[in-house]
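Since the structure comes first, as structure tokens, the remarks are kept for the end.
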Amino acid sequence: MKNYILVSTGAAFGGAARYWLTSSLYTIFPLTFPYGTLSVNFIGSLVIGIVMFYFDSNKLISPEVRILLTTGFCGGLTTFSTFSYETVKLMQDAEYLLSAMNVLANVVLTITAVMSAYFISKLIT
């Protein structure tokens with residue numbers, strides 16, 4: 001039961017952070033491309049990489065904190081289902097280039113974020 005509370009708490013903060021960040025970005029960038037979703041997917045991938053490759057692997061956090069941050073916070077923050085919907089919506093609107101750019105940018109940047117976290121964690125340990 002404790003893990004469910006941890007995940008729910010983390011997800012609440014992650015969801016709130018997602019809403020704040022995407023709302024903030026859409027006041028700066030045009031709505032023609034899903035910059036907010038791309039940003040939270042990148043940040044969530046970076047955070048989960050840092051937590052797992054540095055903090056968890058070096059035993060700097062408890063399993064409870066790991067669950068709170070990964071399944072909870074990152075799960076609430078990242079928006080893969082939203083990413084999928086926005087990609088399909090771009091295709092429906094015949095925005096095929098933007099759709100392809102969205103897929104490529106999300107995949108490349110999120111994998112790059114996790115790999116960056118891995119290499120950074122190796123450098124500082």
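All of the numbers you see were taken from the coordinates with simple rules; none came from a lab. Because the structure is predicted, anything quoted here is derived from the model rather than measured. With ideal geometry, Cβ positions are generated from the backbone for all residues, glycine too; neighbour counts draw on all protein chains shown.
Please compute the modelled spin-label separation between Val103 and Ser84, points set 7 Å along Cα→Cβ, answer in nm with one decimal.
1.4 nm
In whole angstrom, note down how far apart the Cα centers of region 101-117 and region 57-71 are.
Cα centres, region 101-117 to region 57-71: 23 Å.
Tell me the label-point distance for the pair Ala94, Lys59, using the 7 Å Cα-to-Cβ offset, in nm and rounded to one decimal.
Distance between label points: 6.2 nm.
So for the chain, averaging the separation of alpha carbon pairs under 8 Å that are six or more residues apart and normalising by length, what relative contact order in percent results?
Relative contact order comes out at 39 percent.
In degrees from 0 to 90, rounded to the nearest 10, what is the angle of the helix 35-50 Cα long axis to the longest principal axis of the chain?
Roughly 20 degrees, rounded to the nearest 10.
Listed highest first by mean packing, meaning other Cβ atoms within 10 Å per residue, what order do 41-47, 65-71, 84-90, 20-26 come in?
41-47, 65-71, 84-90, 20-26
Among Met52, Met1, what is the fewest-to-most ranking by other Cβ atoms within 10 Å?
Final ranking by Cβ density, sparse to dense: Met1, Met52.
Rank Thr78, Asn106, Ile67 by how far each Cα sits towards the positive end of the charge dipole of the chain (+1 on Lys, Arg Cβ; -1 on Asp, Glu Cβ) and give me just the farthest.
Projecting each Cα onto the dipole axis, the largest value belongs to Ile67.
Calculate the dipole size of the chain relative to its Cα centre from +1 charges on Lys and Arg beta carbons and -1 charges on Asp and Glu beta carbons; express the result in debye to the nearest 20.
With only Lys, Arg, Asp and Glu charged at Cβ, the dipole is about 360 debye.
Please compute the net charge surrounding Leu38, taking Lys and Arg as +1 and Asp and Glu as -1 over other residues with Cβ under 14 Å from its Cβ.
Charge balance in the 14 Å sphere: 0.
For the chain, what value does the Rg/Rh ratio take when both radii are computed over Cα atoms and Rh is the Kirkwood radius, given to two decimals?
1.03
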